[in-house]
Every structure is written in C-alpha cells, then in structure tokens.
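Worksheet: the structure to be examined is printed underneath.
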Amino acid sequence: MIKLKDILLESSAPNLLIPRRIEGRVEKYVQLVIQKYIKDGSTGDLNLSGLKLTKLPSNLKNVSVGRNFSCGNTNLTSLANAPRSVGGNFYCSFNKLTSLVGAPRSVGKDFWCMGNAIKFTIEQVRAVCDVKGEIRV
C-alpha cells in the first residue's frame, strides 16, 4: 500500500494516474449515447464521429434516426448495424470501409462516403440504399 507521506518524501512520485481497464470504454459510452437517443425519441442528430470505433454497436441497427447520422472518421470496416433509416444526411466518410452492406435502407437527404479503403461509386451506393439527395463519393 502506498502512503501519501512516502510519495511526498520520494524525489519522483510514481505515476498513480495510469488509466486502467480502458478497453471497452468507448463502446460502452456509444451504447449509452444510443440508448439515450432512443429514449429521447430518435428525433435529432446522432453523431458518433471521431470515436475510433471499429464496428457499430448492435443496439443501433433497428433505430430510425430522425435527422443526420454521422459515423465518419471512426475506423469502421463495415456498416453492419447501421441505423435502419436516416431522415437527414448519412456520413460515413474517412473510415476503412470495404463494403456498403448494412447501410441504411433509406436516407432522406445526402449520403457521404468518400475517403474509405475503397472508392465507392454512386451506383454501389444506390444498390444498397434509397438516397433522396446527393451522393458524395
């Protein structure tokens, strides 16, 4: 057991602020964000960008996002578990996607998917999703 007196008397204190058990924290945070979004009625934007996810959580796959959904810049390799539909824009740019399988069935506005492992075509997007607005590849 480390005592405060011993730490203060040492010339260099040990690093007591080393994060422990960090694996799984981002995924748990994302699941809580999605649960709150659903509880609040799924009416606004849902932004998961920049969270360094490798996959989307399963509690998202039956959600209809009321406005915009963003999962850009998250290291995704797949769109499995993506929302069922998105009322506004769908952003999945700057990931590591190799397939669009699992994309929302319908997007009310624009679909953005540039900067992935594969340069997708407009035809590939339309094959998996009914996009009402523009498609940016």
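None of Thr74, Thr54 is buried (at least 21 other Cβ atoms within 10 Å of the Cβ) and modelled with pLDDT under 95 except Thr74. Restricting attention to the range 103-126, the residues being in contact (Cβ under 8 Å) with a residue 12 or more places away in the chain and out of contact with any Lys or Arg (no Cβ under 8 Å at 6 or more places or on another chain) number 9.
When the range 60-94 is filtered for residues that are outside any loop (DSSP other than H, G, I, E, B), touching a Gly at 6+ places or on another chain (Cβ under 7 Å) and closer than 18 Å to Lys39 by Cα, the ones remaining, listed by number, are Val65, Val86. Specify which of the listed residues (Leu97, Leu56) is assigned to a loop (DSSP other than H, G, I, E, B), closer than 21 Å to Lys36 by Cβ and aliphatic (A, V, I, L, M). Going through Leu97, Leu56 in turn, the sole match is Leu56.
Take Phe90 and tell me if it is among the hydrophobic types (A, V, I, L, M, F, W, C), at pLDDT 95 or above and surrounded by fewer than 22 Cβ atoms within 10 Å (Cβ to Cβ). Against the criterion (among the hydrophobic types (A, V, I, L, M, F, W, C), at pLDDT 95 or above and surrounded by fewer than 22 Cβ atoms within 10 Å (Cβ to Cβ)), Phe90 does not qualify.
The values are calculated or read from the model by the stated rules, or taken from the named source; none is laboratory data. These numbers were taken from a predicted model, which means no experiment stands behind them. With ideal geometry, Cβ positions are generated from the backbone for all residues, glycine too; neighbour counts draw on all protein chains shown.
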